[in-house]
Structures are given as C-alpha cells and as structure tokens.
Amino acid sequence: MANIRRLVPALLVLAMSVAAPAAADPGILLLAHGGSPEWNARVAALAAQVDRTRPTEVAFGMATRANIQAAVNRLVARGVTEIVAVPLFVSSWSSVITSTEYLLGVRLEPPAALAAYAKMNHAHADPGTTDGHHGHASEDGTTPVRSTVPIRMTPALNDHPIVADILASRARAISQKPAEEAVVIVAHGPNEDEDNRRWLADIGSLAARIRSAGSFASVDYLTLRDDAPKPVRDEATAELRGIVQKHSEQGRRVLVVPLLVSFGGIDRGLRERLQGLSYAMPDAALMPDDRLVTWALAMAEKR
C-alpha cells in the first residue's frame with residue numbers, strides 16, 4: 001500500500017506533463033513586405049518549414065493592420081499562449097518596423113508614418129496577391145491589434161550571423177578567384193539619414209564577418225536609398241558605380257551581392273544602375289535558403 005501511495009503522485013505528475021498542450025510554446029507571426037506571386041510563395045514556403053516546429057502564420061504588407069490582425073487571430077485559434085512577431089525584413093531601422101511595433105502593442109507612441117501606411121490599399125495582401133498592396137481595410141488601420149495572448153516582437157535580420165553566412169555563400173557561388181575579387185554588398189536602404197547610418201552599421205558588421213571568413217580581396221557595402229529624394233538616390237548611384245569602377249580599374253573582378261530578402265523588383269533597378277559596368281551577381285537573394293528557418297526559430301527563442 002505504501003508503494004502505491006508513493007506511485008500515485010508520480011503518475012499524476014506524468015499525466016499532467018503528457019496532457020500539457022504543445023501550444024505552451026509560442027506561435028510565430030512572420031512579418032513580410034509582400035511582393036510578386038513568386039516572392040510571396042518563397043515566404044509561404046519558409047513559413048511552412050518553420051510551422052513544422054512552431055505554429056506559424058504570415059502577415060504580408062507594410063504595417064498592414066488587417067493582415068496582422070488576421071494572422072494573430074489564426075494563431076490564437078490554433079491554441080498558442082504567446083505570439084512572437086518575427087520581421088522578415090532586412091533592417092529594424094525603418095518606419096515600417098516602428099509602425100508595426102505600435103500595432104502589436106510593443107510601442108507606446110504611434111510613429112508619424114503609420115497614418116500613411118494605413119491609407120495604402122493592401123488589406124488583402126496574402127500569398128495569392130501580386131504585389132502586397134491590394135484591397136481596402138474595413139477598419140481603422142492605426143489602432144493596435146487585439147489579442148487574447150501576449151505578443152512580443154524580435155529584431156529584423158539586421159546583422160545576424162546567419163545573414164552573413166548566406167551572403168558569403170552567394171558570393172562564393174559566383175566566385176572564381178577570391179583573392180582577385182571585390183565583393184560589394186548592396187542593400188535597399190531607408191529614406192532618413194539617421195536610419196541609414198544604422199543600416200550601414202549593421203551591414204558593416206556583416207561585411208566584417210565575410211572578410212574574416214573568406215579570402216576575398218575586399219568587401220565594400222552601401223545602400224541604394226531607392227525611396228529617398230532624387231538627389232540622395234543619385235548620390236547613392238554614383239557611389240555604387242564609383243566603387244565598381246575603382247575595383248575594375250584595379251584589375252579585380254567585382255561581385256555585387258544584393259542584401260535583399262528576395263529578388264523580384266529592387267534587383268532589376270540595381271542592374272539598371274550598374275548598366276555598362278563589368279560585374280557578376282548571384283541568382284538569389286537571402287531567399288530561398290533553409291538557414292532562414294533556423295534564424296526564425298532562433299529569434300522566437302530569444303527573450
């Protein structure tokens with residue numbers, strides 16, 4: 001009888017642990033800009049892989065409240081007890097990220113840009129749309145989403161070591177003689193100068209990792225400032241062309257490696273700005289790459 005009395009509590013503990021729902025782990029809200037059907041399909045494929053480990057839903061758009069709320073609702077319906085928003089964006093230093101932080105309730109004051117994002121016609125930007133900017137929101141796009149479970153948000157890709165690994169892989173894929181080649185990392189970049197300085201600090205960290213891990217003659221980096229005023233954009237174009245021309249004149253083969261989540265738009269503009277110059281470019285951006293699955297799961301574990 002004494003043995004039975006000692007066994008019962010142990011069985012109760014075992015039963016409770018078996019009955020504990022898997023949803024005690026957080027669900028992942030993968031935030032992505034949205035683009036062409038091919039672009040969106042890559043994001044959906046990434047989310048599907050992450051979903052094998054943790055419940056994962058995608059919200060496409062630029063601080064698009066309707067899409068974020070719908071994805072939050074789907075995660076809650078799946079029984080998660082916490083939501084971790086993981087931005088599949090190159091940088092945390094943008095008004096899209098700060099606006100999203102406010103919508104998720106992790107930022108107290110709404111940034112000025114939120115009102116502009118709320119007016120965009122992208123309420124139905126899901127994997128089936130063409131550019132992530134279709135539809136009309138049926139409710140105020142500037143109010144925080146509602147959730148019955150806690151929400152927290154991680155940084156974007158920034159200078160994560162996995163990003164450096166992928167960029168190095170892209171460079172190696174088109175490399176012939178690393179010691180005679182110059183790598184140029186090119187990112188889209190933000191509008192504001194202060195944000196751009198932060199972007200460049202992160203990209204500089206990525207470049208340092210690539211320098212230390214490889215044997216390339218040099219690794220440069222810059223932002224294109226695509227959406228900034230024309231004088232700023234033109235200055236960035238001149239800087240890009242100057243770097244490529246300098247290395248070419250020094251007899252180095254130039255490897256232009258875009259720091260983009262996926263190809264599908266910005267890369268075409270980049271090629272236009274490089275017209276007439278000699279360079280090589282990989283056939284893929286950060287996606288598709290299974291290492292981003294590891295990144296997303298690692299970010300969800302962070303506190």
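Just a few scattered comments:
- Just one of the numbered conditions (1) surrounded by 19 or more Cβ atoms within 10 Å (Cβ to Cβ); (2) closer than 28 Å to SER95 by Cβ is not true of PHE216: (2).
So that you can scan it fast, the table gives a plain yes or no per residue for (1) part of a helix (DSSP H, G or I); (2) touching a residue at least 12 places away in the same chain (Cβ under 8 Å); (3) more than 30 Å from LEU108 (Cβ to Cβ):
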| residue | (1), (2), (3) |
| --- | --- |
| ARG146 | no, yes, no |
| ILE166 | yes, yes, yes |
| GLY204 | yes, yes, yes |
| ASP220 | no, yes, yes |
| ALA228 | no, yes, no |
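- Residue match in region 196-205 (condition: under 20 Å from the mean Cα position of the chain (by Cα) and at pLDDT below 95): no
- Filter result (closer than 22 Å to GLY265 by Cβ, outside any strand (DSSP E or B) and touching an Asp or Glu at 6+ places or on another chain (Cβ under 7 Å)) within region 168-188: HIS188
- Among the numbered conditions (1) of a type in the set (Asp, Glu); (2) within 14 Å of LEU259 (Cβ to Cβ); (3) touching a strand residue (DSSP E or B) at 6+ places or on another chain (Cβ under 8 Å); (4) part of a helix (DSSP H, G or I), the only one that GLU239 does not meet is (2).
- Being assigned to a helix (DSSP H, G or I) and touching a residue at least 24 places away in the same chain (Cβ under 8 Å) is a property that does not hold for LEU200.
So that you can scan it fast, the table gives a plain yes or no per residue for (1) under 25 Å from the mean Cα position of the chain (by Cα); (2) under 23 Å from GLU38 (Cβ atoms):
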{"site": "LEU222", "(1), (2)": "yes, no"}
{"site": "LEU240", "(1), (2)": "yes, no"}
{"site": "ARG252", "(1), (2)": "no, no"}
{"site": "ALA280", "(1), (2)": "yes, yes"}
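- Of all residues in region 206-218, exactly one satisfies the criterion of being of a type in the set (Ser, Thr, Tyr) and part of a helix (DSSP H, G or I), namely SER212.
- Condition check for VAL219: closer than 27 Å to LYS177 by Cβ and aliphatic (A, V, I, L, M): yes
- In region 179-190, the residues that are crowded, with 16+ Cβ neighbours inside 10 Å and either of a type in the set (A, V, I, L, M, F, W, C) or over 15 Å from ILE203 (Cα atoms) (or both): GLU181, ALA182, VAL183, VAL184, ILE185, VAL186, ALA187
- Residue in region 250-257 that is aliphatic (A, V, I, L, M), touching a strand residue (DSSP E or B) at 6+ places or on another chain (Cβ under 7 Å), at pLDDT 95 or above and more than 19 Å from VAL90 (Cα to Cα) present: yes
- Scanning region 269-303 for residues that are small (Gly, Ala, Ser), modelled with pLDDT of 95 or more and loosely packed, with under 15 Cβ neighbours inside 10 Å gives GLY276, SER278, ALA298.
- Tally, over region 260-278, of residues that are under 26 Å from the mean Cα position of the chain (by Cα) and farther than 20 Å from ASN40 by Cβ: 5
- Residues satisfying the stated conditions in region 148-158, i.e. buried (at least 18 other Cβ atoms within 10 Å of the Cβ) and either touching a Phe, Trp or Tyr at 6+ places or on another chain (Cβ under 8 Å) or in a loop (DSSP other than H, G, I, E, B) (or both): THR154, ALA156, LEU157, ASN158
The values are calculated or read from the model by the stated rules, or taken from the named source; none is laboratory data. Since this is a predicted model, take the numbers as computed values, not measurements. Backbone-built Cβ (ideal geometry, glycine too); neighbour counts: all protein chains shown.
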